[in-house]
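Below is one structure; the comments refer to it alone.
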Amino acid sequence: MSATEQTVSADMQHGEVNTQDTEHHHGPAKGFSRWLFTTNHKDIGSMYLWFSLAMFMTGGCMALLIRMELFQPGLQMMQPDFFNQMTTMHGLIMVFGAVMPAFVGLANWMIPMMIGAPDMALPRLNNWSFWILPFAFSMMLFTLFMEGGAPNFGWTFYAPLSTTYAPPSVTFFIFAVHMMGISSIMGAINVIVTILNMRPKGMVMMKLPLFVWTWLITAFLLILVMPVLAGVVTMMLMDIHFGTSFFSAAGGGDPVLFQHVFWFFGHPEVYIMILPAFGVVSEIIPTFSRKKLFGYSSMVYATSSIAFLSFIVWAHHMFTVGMPLAGELFFMFATMLIAVPTGVKVFNWVATMFRGSMTFETPMLFAIAFVVLFSIGGFSGLMLAIAPVDFQYHDTYFVVAHFHYVLVPGSVFSIMAAAYYWLPKWTGNYYNEKMGKLHFWLSFIGINITFFPMHFVGLAGMPRRIPDYALQFADFNAVSSVGAFIFGFSQLLFIYNIVSCIRTKNQATPEVWEGAKGLEWTVPSPAPYHTFTTPPKVD
Amino acid sequence: MQTEHQEYYVPDQSYYPILASIALFFMAFGSGAVLTAAENTGDLAMLMLLIGFVMILFIIISWFSKVAAESRQGLYSPQMDRSFRWGMGWFISSEVMFFAAFFGALFYIRVLALPWLGGEGEKGVSNMLWEGFVNQWPLMTTPDPSQFKGPEKIVDPWHIPLLNTILLVASSVTLTFSHKALKLNKRHWTSFWLAVTVVLGVTFLYYQVVEYHEAYTELGLTLASGIYGSTFFILTGFHGFHVTLGTLMLICILVRVLEGEFSGKKHFAFEAIAWYWHFVDVVWVGLFIFVYIL
């Protein structure tokens with residue numbers, strides 16, 4: 001039986017899936033113009049995902065250069081200034097180029113299919129949101145070849161490092177950030193409008209798949225904080241070129257002001273990178289546990305609480321900068337509060353798996369690893385939240401270990417889980433399960449070898465962002481570097497698997513996974529170019 | 001809002017987005033190059049910036065014309081209309097946050113940073129950086145006058161700024177008159193009040209230019225005159241930029257009204273720009289209070 005003839009699940013079968021050409025709804029255009037001019041959410045989603053993969057590999061190469069230099073104490077590979085450029089570019093590319101676009105790509109592909117919409121609400125704007133990115137990142141990567149080198153002040157670009165003492169290329173960096181901001185804001189508006197306005201009858205808010213919910217909340221965060229990022233880089237630009245003194249105490253300004261404004265953006269930003277991950281995991285775990293998600297509504301409320309709290313915790317990044325005691329206390333306790341809704345979520349995931357008939361396909365492996373390793377990152381975050389203790393941890397490798405645990409086995413693992421989970425829906429073919437599992441285990445082992453020792457060297461006082469280190473840190477650093485290369489090179493398996501999944505016929509069923517529930521599993525695999533041209537019935 | 005999207009209009013392929021991305025890149029790269037260029041490459045950079053600017057102008061005009069044309073063809077359902085409304089609403093929210101960043105900076109400087117620098121409060125030790133520095137607002141003497149010379153005088157809020165407040169608040173009222181008239185299909189009154197709004201907006205901008213000119217030539221108040229000048233010009237400057245955009249959009253709407261577009265029931269472009277104008281007005285009231293008066 002071919003895929004299109006398969007019956008769709010009974011409660012959702014009324015949704016008409018368009019497989020025939022109509023006046024406005026035809027297949028993809030031929031040639032390269034399809035990708036340049038497209039208004040199709042699946043095309044745009046794919047472009048976002050490919051772009052993200054390319055950036056992930058670029059930023060990954062920079063990470064490997066960093067780990068090469070840190071393999072031994074002393075300076076082997078590069079000058080300190082180039083090392084600083086690598087840490088800066090690695091951070092910026094991974095945050096803005098790899099993780100964020102990957103989630104936007106997933107949103108583009110999945111949200112319309114999950115809620116039963118014909119496309120994103122504003123398709124042309126959607127295309128624009130994507131195409132800004134390659135230009136913005138070309139410009140940012142181009143700074144590597146400029147006189148004075150690329151930005152070298154860390155991805156947090158603290159003033160005055162990024163103003164008074166910055167290389168000339170900082171101006172291009174500022175404009176690149178502006179472009180990314182425009183792209184993110186338009187993308188977020190599109191997501192919100194799609195979710196609020198494009199749902200068919202019966203798809204009430206509290207029936208939305210959790211991936212959609214988490215993205216809705218993420219989109220609000222984006223709209224509220226990306227303009228603040230634009231504001232802070234604008235103030236930098238003014239300080240550098242127009243003689244203002246926002247971040248110069250000599251004129252009555254304050255470098256600490258930069259940190260406040262930056263982290264008012266920056267803290268919600270890190271949740272922008274994790275909330276959609278929560279959504280992905282909340283889709284995958286029920287499928288492979290063959291149970292409904294435990295505590296759906298508490299998941300929604302927990303996500304909203306985390307989003308709210310993200311706005312009142314920013315100064316926990318600045319405990320050592322010199323804040324009044326009241327500030328230290330407020331931000332310490334507010335930060336600890338985040339553990340409550342996060343704990344609710346972890347509890348719910350575990351409770352979903354409890355007594356489920358679980359199987360361990362690749363997406364599930366990544367999802368379970370997410371729950372465990374993200375929790376480790378959460379716990380080290382809780383340690384960092386304690387202001388007096390943070391005085392010891394601040395700017396050490398402990399911080400590096402913490403945020404890599406939440407970002408790599410957190411966000412990145414969830415993106416990989418999502419890729420494996422939905423690849424059969426996107427391509428119509430199953431991926432190679434054996435290779436997927438191998439990819440998972442190599443990544444899992446590699447990541448832990450890389451980042452776990454960083455906790456130890458951090459607690460012992462090794463500072464971050466320094467190309468050289470004291471001899472007593474040598475063993476752990478060598479171990480970290482080996483782990484990094486294992487993790488880095490195992491990603492080639494991921495790419496190979498994706499490409500062969502697209503090229504090798506291994507027809508997937510519409511449902512793909514035995515326990516999968518949701519509108520996206522009612523359409524054939526691969527999903528037709530236009531889904532749900534008329535609204536599906538949702539009971 | 002759950003609805004039937006029987007015929008949600010998904011536009012065909014469009015070359016506007018990619019061209020707009022290229023234009024944006026030209027503008028961004030051109031600006032960067034203009035600001036950092038050595039003397040011999042400055043012209044090329046400026047050319048790039050100009051090309052980008054002309055391109056984006058052309059694209060905005062043709063993109064919006066296309067949307068308007070599609071709307072006239074009846075391709076847009078009420079659901080589509082709601083999409084545009086939500087979109088514009090959240091766009092304005094993001095603009096609010098853009099200004100919030102600068103207001104936040106102003107409040108942080110005034111309430112925390114400057115008192116500390118002046119030796120007050122918990123972090124008053126920072127006064128040792130410039131001993132004898134006295135905190136005051138407006139900050140007429142900066143901690144290091146050799147680097148940043150403070151302003152000699154500041155703008156008197158009860159002259160031009162008060163006039164500008166009246167102008168801008170009045171323009172919000174006249175715009176509402178125009179909207180009411182449009183709803184009642186009194187098209188002459190619609191264009192009359194809209195024209196009045198445009199005139200008020202342009203007058204506001206004129207006085208803003210006069211104020212800036214005075215600030216630079218008579219008051220010694222410039223971008224470089226310490227944190228007072230920095231916050232003053234970034235807040236009023238970006239506001240002025242938004243008023244300029246708003247005025248241009250109002251002119252577009254006026255032209256469209258005169259050409260007989262918009263009906264009493266369907267005129268979202270008009271409403272969107274009215275929202276934007278009111279937003280700009282509200283920001284001004286905030287500026288008048290926190291930048292000029294207090």
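The values are calculated or read from the model by the stated rules, or taken from the named source; none is laboratory data. Quick caveat: nothing in here was measured; it's all calculated off a predicted structure. Reconstructed Cβ throughout: ideal geometry from the backbone, glycine too, with neighbour counts over all protein chains shown. Heavy atoms of the whole protein, side chains included, go into the accessibility calculation; ligands, DNA and RNA do not. Shrake-Rupley method; radii C 1.70, N 1.55, O 1.52, S 1.80 Å.
Can you find even one residue in the range B:175-193 that is within 23 Å of B:Gly286 (Cα to Cα) and in contact (Cβ under 8 Å) with a residue 12 or more places away in the chain? Checked the range B:175-193: at least one residue is within 23 Å of B:Gly286 (Cα to Cα) and in contact (Cβ under 8 Å) with a residue 12 or more places away in the chain.
Of all residues in the range A:214-260, which are at the interface with chain B (Cβ under 9 Å from one of its Cβ atoms), closer than 17 Å to A:Thr171 by Cβ and among the aliphatic types (A, V, I, L, M)? Residues satisfying the conditions are A:Leu229, A:Ala230, A:Val232, A:Met235, A:Leu237, A:Met238, A:Ile240. Mind checking whether some residue in the range B:162-178 is within 14 Å of another protein chain (Cβ to nearest Cβ), in contact with an Asp or Glu (Cβ under 8 Å, 6 or more places away or on another chain) and open to solvent by less than 40 Å² (accessible area, probe 1.4 Å)? Looking for residues that are within 14 Å of another protein chain (Cβ to nearest Cβ), in contact with an Asp or Glu (Cβ under 8 Å, 6 or more places away or on another chain) and open to solvent by less than 40 Å² (accessible area, probe 1.4 Å), one finds none in the range B:162-178, hence no.
Among the criteria (1) crowded, with 21+ Cβ neighbours inside 10 Å; (2) modelled with pLDDT of 95 or more, the one B:Gly32 does not fulfil is (2). Condition check for A:Glu147 on (1) more than 27 Å from A:Ala277 (Cα to Cα); (2) in contact with a Gly (Cβ under 8 Å, 6 or more places away or on another chain); (3) more than 8 Å from every other protein chain (Cβ to nearest Cβ): one failure, at (2). Of all residues in the range A:187-209, those satisfying the criterion of being crowded, with 22+ Cβ neighbours inside 10 Å and part of a helix (DSSP H, G or I) are A:Gly187, A:Ala188, A:Ile189, A:Asn190, A:Val191, A:Ile192, A:Val193, A:Thr194, A:Ile195, A:Asn197. In the range A:36-47, the residues that are within 10 Å of chain B (Cβ to nearest Cβ) and in contact (Cβ under 8 Å) with a residue 60 or more places away in the chain form Cβ pairs under 6 Å with partners that are crowded, with 24+ Cβ neighbours inside 10 Å and among the aromatic types (Phe, Trp, Tyr), at six or more places apart or across chains, as follows: A:Ile44/A:Phe130. Here the condition is being within 16 Å of the chain's Cα centre (by Cα), within 14 Å of chain B (Cβ to nearest Cβ) and either within 30 Å of B:Arg85 (Cβ to Cβ) or open to solvent by 10 Å² or more (accessible area, probe 1.4 Å) (or both); of A:Phe51, A:Phe56, A:Phe103, A:Phe96, it holds for A:Phe51 alone. Of the helices (runs of 4 or more DSSP H) lying entirely inside the range B:28-133, those carrying at least 2 residues that are closer than 27 Å to B:Phe238 by Cα and at the interface with chain A (Cβ under 8 Å from one of its Cβ atoms) are B:78-108. When A:Gly187, A:Gly181 are checked against the criterion of being more than 8 Å from chain B (Cβ to nearest Cβ) and closer than 30 Å to A:Pro536 by Cα, A:Gly187 stands alone in meeting it. Quick one: is A:Ala3 under 20 Å from A:Ile502 (Cα atoms), within 12 Å of another protein chain (Cβ to nearest Cβ) and modelled with pLDDT under 95? Here the answer is no, as A:Ala3 does not meet what is asked.
Of everything in the range A:307-322 that's open to solvent by 20 Å² or more (accessible area, probe 1.4 Å) and either within 22 Å of the chain's Cα centre (by Cα) or among the aliphatic types (A, V, I, L, M) (or both), which residue is modelled with the lowest pLDDT?
A:Val321
Only a single item in (1) farther than 30 Å from A:Val372 by Cα; (2) open to solvent by less than 10 Å² (accessible area, probe 1.4 Å); (3) in contact with a Ser or Thr (Cβ under 7 Å, 6 or more places away or on another chain) is not met by A:Asp239, and it is number (2). Could you go through the range A:59-73 and let me know if any residue there is open to solvent by 20 Å² or more (accessible area, probe 1.4 Å), touching a residue at least 12 places away in the same chain (Cβ under 8 Å) and more than 27 Å from A:Val406 (Cβ to Cβ). Within the range A:59-73, one or more residues are open to solvent by 20 Å² or more (accessible area, probe 1.4 Å), touching a residue at least 12 places away in the same chain (Cβ under 8 Å) and more than 27 Å from A:Val406 (Cβ to Cβ).
Per the conditions (1) β-branched (Val, Ile, Thr); (2) open to solvent by 50 Å² or more (accessible area, probe 1.4 Å); (3) at pLDDT below 95, the sole criterion not satisfied by B:Ile51 is (3).
For the criterion of being under 29 Å from B:Leu35 (Cβ atoms) and of a type outside the set (Gly, Ala, Ser), A:Val256 passes.
For the range A:248-282, a residue qualifies if it is of a type in the set (Phe, Trp, Tyr) and open to solvent by 10 Å² or more (accessible area, probe 1.4 Å), and the qualifying residues are A:Trp263, A:Phe264, A:Tyr271. Assess whether A:Ala136 counts as being crowded, with 24+ Cβ neighbours inside 10 Å and under 30 Å from A:Pro255 (Cβ atoms). So A:Ala136 fits the description; yes.
Set side by side, the residues B:Thr203, B:Thr217, B:Thr236, B:Thr231 differ, and just one is under 14 Å from the mean Cα position of the chain (by Cα) and either part of a helix (DSSP H, G or I) or modelled with pLDDT under 95 (or both), which is B:Thr236.
Let's see how each residue does on (1) modelled with pLDDT under 95; (2) surrounded by fewer than 21 Cβ atoms within 10 Å (Cβ to Cβ); (3) more than 23 Å from A:Ala98 (Cα to Cα); (4) of a type outside the set (A, V, I, L, M):
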| site | (1), (2), (3), (4) |
| --- | --- |
| A:Lys437 | no, yes, no, yes |
| A:Ile486 | no, yes, no, no |
| A:Tyr496 | no, yes, no, yes |
| A:Leu519 | yes, no, yes, no |
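Within the range B:60-85, the set of residues being over 20 Å from the mean Cα position of the chain (by Cα) and among the hydrophobic types (A, V, I, L, M, F, W, C) comprises B:Trp63, B:Val67, B:Ala68, B:Ala69, B:Leu75, B:Met80, B:Phe84. For the range B:93-109, the criterion of being open to solvent by 60 Å² or more (accessible area, probe 1.4 Å) and either modelled with pLDDT of 95 or more or touching a Cys at 6+ places or on another chain (Cβ under 6 Å) (or both) is met by at least one residue.
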